[in-house]
Amino acid sequence: MAASLDNNIGAKVRKRHFKGSFNEPKCTDDDLEKEAANNVEDATKGKKLNSLKTGTFWLTRIVLLRSVAFIYWVAFIIAFNQNKQLIGDRGLLPCKSYLKDVKHYVGGKIGTAALAYAPSVLWFLDWSNMDANLDGIALLGMALSAFVLATGMANMVIMASLWVLYHSLVNVGQLWYSFGWESQLLETGFLAIFLCPLWTLSQVPRRCPPSLVCIWAFRWLIVRIMLGAGLIKIRGDKCWRDLTCMDYHYETQPVPNPMAYYMHGSPWWFHRFETLSNHFIELIVPLFTFLGRRMCIVNGTLQIFFQAVLIVSGNLSFLNWLTIVPSLACFDDASLSFLFGRGSEAKKAVAKIHHEENSGQILEPTKGMRIRKVLNGSLAILIGCLSIPVVLNLVSPRQVMNTSFDPLRIVNTYGAFGSITKERTEVIFQGTLSEDPKDPNALWEEYQFFCKPGDPYRRPCLISPYHYRLDWLMWFAAFQTYEQSEWVIHIAGRLLANDSSVLSLMDHNPFQDRAPPKWVRGEHFKYKFSQPGSASASEGKWWLRKRIGPYFPAVNLEALRGFFQSRDWPHPHIPTQKH
């Protein structure tokens with residue numbers, strides 16, 4: 001039929017242009033003008049069919065779901081690579097011991113009290129092989145998030161499963177999962193559940209339009225994140241008020257990257273500009289959300305740009321990537337259409353929906369659509385009620401940051417760098433094969449972590465959005481004593497046995513393929529960036545360091561035996577006993 005139609009059109013064209021061969025009337029200028037007008041009208045109709053309206057969020061939903069899935073995917077990869085060493089059967093802080101302590105605390109039963117204290121599916125799994133459980137959760141999370149990331153399709157079942165799986169890790173992760181972005185991911189993931197239809201897998205599920213309640217919940221999230229971060233700075237460290245904090249930030253942040261080295265050397269006026277810009281973006285720009293569509297888009301654009309700058313200048317895990325996600329809710333279909341090519345099926349489907357709506361073709365509401373409206377209303381009430389303590393915290397002069405007010409971490413308060421460290425100190429692990437640790441001729445060799453500063457000649461790493469949890473906690477440990485961070489001594493004991501599990505969290509083991517060290521100690525150093533162009537920099541030094549003193553004294557395995565047993569840690573010379 002298509003071929004016949006093409007032939008007919010071709011015949012008409014030939015007749016028109018070869019009037020001398022056929023007895024057809026001559027094609028006049030008026031006819032050509034009418035044909036051109038018809039072509040323009042057809043093109044206009046096609047343009048209208050492909051144009052997208054403002055104020056709808058079909059494409060926004062696809063972008064949001066893919067973005068959330070990407071963060072989940074990164075988080076579960078981190079979990080798969082590090083959980084066994086941190087909270088596994090022979091981890092530094094085994095989650096099995098933690099669950100046993102919680103069970104004992106709530107009365108010795110696995111019931112509602114235990115689930116409320118530490119919500120996790122691990123309660124219902126076999127604890128005899130916790131490593132396998134942790135790997136199973138991480139692998140399932142990676143698979144589900146990869147599917148959503150690749151296809152842009154999700155339903156409530158998939159997104160709820162991702163939320164439950166990550167909740168299960170965060171709630172038993174103890175110190176290693178104590179960062180504010182864990183709660184932020186759980187809140188973001190919770191909202192993503194309500195973006196989706198219950199069962200349907202489609203990028204543009206026609207009978208499940210994106211919920212405006214959910215879109216505004218995402219916007220409310222980015223407002224709280226930024227206001228919380230801005231207010232904690234103004235109320236916290238004086239350097240945020242006198243505009244000097246950026247003089248120190250790049251050098252003293254947890255895990256600097258190469259760009260931080262160069263940005264630290266910027267002139268003083270640039271650092272003042274950075275601090276003022278930070279205050280403007282965190283305290284003023286979020287309010288643009290409530291000033292109409294255009295100003296909301298300005299807010300989203302500035303927030304994404306701000307997070308991109310932070311990503312470039314530091315290894316802040318997936319925090320900044322995650323903070324971009326709710327900012328995407330500031331954009332509607334018309335403003336995001338450039339992300340979808342002309343051949344995009346999703347874009348065509350949305351354009352068709354808009355065309356039908358413009359033509360007055362409105363779908364009759366089904367029972368499922370009515371239930372969805374009730375669900376969206378319930379979500380609005382839930383977010384509103386749970387936001388009350390968060391708002392009270394924001395306006396309080398005693399504001400706290402990165403705190404959850406409900407056990408499921410649905411609505412939380414956030415903040416970052418309320419105070420800035422003015423000097424950088426690091427704990428360096430050293431080992432020796434010498435029998436006498438006090439021998440002045442003893443050779444002490446250093447262990448190197450993947451990303452935290454150690455060897456002054458090693459270039460700062462670039463790993464964002466990946467996150468080395470141990471490297472970050474070592475930054476915090478340097479502010480405290482080893483008595484306050486007992487897990488540091490746990491690491492020392494494992495290093496004395498060349499324990500492969502803990503060593504997999506490190507980049508360099510000086511005793512690899514050799515006998516394990518006889519003694520291990522912790523040394524405390526002060527670190528500063530070398531000046532670009534200086535003699536030290538020309539020698540290849542990225543850092544200059546000066547010894548402060550011992551962080552913990554030299555220890556050996558025998559001396560640690562009682563220390564390990566009193567804390568129920570598996571001693572390297574004592575086989576792990578299954579309970």
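The values are calculated or read from the model by the stated rules, or taken from the named source; none is laboratory data. Please read these numbers as outputs of a predicted model, since none were measured by experiment. Don't worry about glycine lacking a Cβ; one is built from the backbone with ideal geometry, like all the others, and counts go over all protein chains shown. Note: accessible area is taken over every heavy atom of the protein model, side chains too, but ligands, DNA and RNA are not part of it. Shrake-Rupley method; radii C 1.70, N 1.55, O 1.52, S 1.80 Å.
How much net charge surrounds ILE232 when only the other residues with a Cβ under 13 Å from the Cβ of ILE232 are counted, with Lys and Arg +1 and Asp and Glu -1?
Cβ neighbours under 13 Å give a net charge of +3.
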Distance in Å, no decimals, from the C-alpha centre of segment 422-449 to the one of segment 321-364 is 59
Convex hull volume per residue for segment 278-322, taking Cα atoms only, in Å³: 65
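Ratio of alpha-carbon Rg to the 2.2 N^0.38 Å globular estimate for segment 95-154, to two decimals, please.
On the way: Rg = 14.9 Å, N = 60, 2.2 N^0.38 = 10.4 Å.
Compared with the compact-globule rule of thumb, segment 95-154 sits at 1.43.
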Determine the sum of side-chain charges near VAL325: Lys and Arg each +1, Asp and Glu each -1, restricted to other residues whose C-beta is under 11 angstrom from that of VAL325. 0
Three-way shape call for segment 305-410 based on the alpha-carbon gyration tensor, with the a/c threshold at 1.5: oblate
Using every Cα-Cα pair within the chain, state what percent have a distance larger than 31 Å. 59
How far apart, in nm, are two points set 7 Å out from the Cα along the Cα-to-Cβ line at LEU339 and at GLU445? 5.0
At a threshold of 8 angstrom on Cα-Cα distance, excluding pairs fewer than six apart, so keeping six or more, what relative contact order does the chain reach in percent? 17
Report, in degrees rounded to the nearest 10, the 0 to 90 angle that the Cα long axis of helix 29-50 makes with the longest principal axis of the chain. 30
Degrees, to the nearest 10: 268-279 long Cα axis against longest axis of the chain: 60
Length gained if THR200 through GLU357 is fully extended, taking 0.36 nm per residue and subtracting the Cα-Cα distance, is 54.3 nm
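Which order do the peptides 356-367, 307-318 come out in when sorted by mean C-beta neighbours inside 10 angstrom, highest first?
Details: 356-367: 9.5, 307-318: 20.4.
The peptides rank, most packed first, as 307-318, 356-367.
What area, in nm² and to one decimal, does the C-alpha convex hull of segment 64-132 cast on average over all directions? All intermediate terms of the calculation are to be shown ahead of the outcome.
Numbers: hull surface 22.4 nm².
Value for segment 64-132: 5.6 nm².
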Once Rh is set to the Kirkwood radius over Cα pairs, what Stokes-Einstein translational diffusion coefficient, in µm²/s, holds for segment 417-518 at a temperature of 4 °C and a viscosity of 1.567 mPa s? 86
Which FRET efficiency, nearest 0.05, do SER504 and PHE270 yield, Cβ-Cβ r, R0 35 Å? 0.30
Expected output is a single nm value to one decimal: the length gained when fully extending between LEU382 and PHE476, i.e. 0.36 nm times separation in residues minus the C-alpha distance. What is it? 30.3 nm
Using every Cα-Cα pair within segment 490-579, state what percent have a distance larger than 16 Å. 66
Binned Cα-Cα distances of segment 350-403, short to long, each 10 Å bin given as a whole percent: 19, 23, 23, 16, 16, 2
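Going through the cross-link list LYS84/LYS422; LYS452/LYS528; LYS53/LYS347, which pairs have a Cα-Cα distance over 23 Å in this structure? Intermediate values should be presented prior to the final figure.
On the way: LYS84/LYS422 35 Å; LYS452/LYS528 13 Å; LYS53/LYS347 12 Å.
With Cα atoms farther than 23 Å apart: LYS84/LYS422.
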Enter the accessible area of THR60 (Å², nearest 10), with the probe set to 1.4 Å and all protein chains included. 0
Angle in degrees between helix 95-105 and the longest Cα principal axis of the chain, rounded to the nearest 10: 80
